[in-house]
Structures are given as C-alpha cells and as structure tokens.
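Novice: The structure that follows is given in the form of structure tokens.
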Amino acid sequence: MILKEILEKYTFSEIFTELCEMIPDLNRKRPEIQEAYDFLLAQQPVTSKKKITYQLIEAQDSDDCFVGAEDRCFEAQWNVIIGKEVIIDNDVEISLFEIACNAFLCILLIGFKPRRFTELNEELLEMLR
C-alpha cells in the first residue's frame, strides 16, 4: 500500500487530534496544517522504487528503541513521498493510523515542501525545540 492510500483512510481531524496529543501547541497552527494536509492529498503520487519502512530504530542518546521510519524516507518532494510503498517489519507493531500520523508529521518537518509551506515548517521546527 502506498502512503497516500494510508493517509486517505483518515480525516484531517482524526490525524490532527492525535498530533495535538503529542504537540499541544500545534493547535494554534490548525488552519495552516489543514491547508498543507489538503494540498498533500490533492497531489498525484509519483511512483518511487524507494520505500518507507517502519522498523525498530535505536535511539541515538540512549539504549532505548522506538518504532519509526528513517528520516531519509521523507527526504523528497511531497508527491514522491506519498507515492512510496509503506513496509512494516515483521517485529514491529504499529497501526495504519499511527503510520498516517507519523508520516504526515514527518512530511511537514522533513519533506521538500512547496515554498508556500516554508513558514509553517519553520514554526513547527521551533515548537519542537
């Protein structure tokens, strides 16, 4: 399944509510994030040989592990990212909803964004500092 198909399973409100649980200040950027979500889903996905693989990743600053996809999976234009196939390693438990939330946030933070979303990207990065 490609990422766009996963994102389309959920409404913006469902994803945004979950993201606000992780980042409470996000709520003040709702209109801009809604615009980005709508823009993203309006894009025609570009087929890519690269995949987004959700796996266990070792934390850099501790002995802990977490489930996620490597940042490099999201280092592309938005229409390329949503065209990538999503793979879940066998030893990983993650729902499609969790993938949708994580991937959307990663797209906003890491993806090669259209210029109109540069300010939003900078504000989101500032919130996470």
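Novice: So which pairs qualify, if the first residue must be in segment 60-71 and of a type in the set (Val, Ile, Thr), the second must be in a loop (DSSP other than H, G, I, E, B), the Cβ gap must be under 8 Å, and the two must be at least 6 apart or on different chains?
Specialist: The qualifying pairs are Val67/Val92; Val67/Glu93; Val67/Ile94.
Novice: Another question, then. Where residues in segment 83-103 are of a type in the set (D, E, K, R) and more than 15 Å from the chain's Cα centre (by Cα), which of them is surrounded by the most Cβ atoms within 10 Å (Cβ to Cβ)?
Specialist: So the residue we want is Asp89.
Novice: Sticking with this structure for a sec: List pairs: first in segment 34-45 and in contact (Cβ under 8 Å) with a residue 24 or more places away in the chain, second polar (S, T, N, Q), Cβ under 8 Å, 6+ apart or cross-chain?
Specialist: As it stands, the answer is Gln43/Asn79; Gln44/Asn79; Pro45/Asn79, since those pairs meet every condition given.
Novice: Does segment 36-75 hold any residues that are in contact with a Leu (Cβ under 7 Å, 6 or more places away or on another chain), under 17 Å from Ile2 (Cα atoms) and among the β-branched types (Val, Ile, Thr), and which are they?
Specialist: Hit for segment 36-75 is Ile52, nothing else.
Novice: If you go through segment 54-75, how many residues are under 12 Å from the mean Cα position of the chain (by Cα), hydrophobic (A, V, I, L, M, F, W, C) and either over 14 Å from Asp91 (Cα atoms) or modelled with pLDDT under 85 (or both)?
Specialist: 2
The values are calculated or read from the model by the stated rules, or taken from the named source; none is laboratory data. On a predicted model such as this, the values are computed, not experimentally measured, just so you know. When we count neighbours, we look across all protein chains shown, and the Cβ atoms used for this are built from the backbone with ideal geometry, even at glycine.
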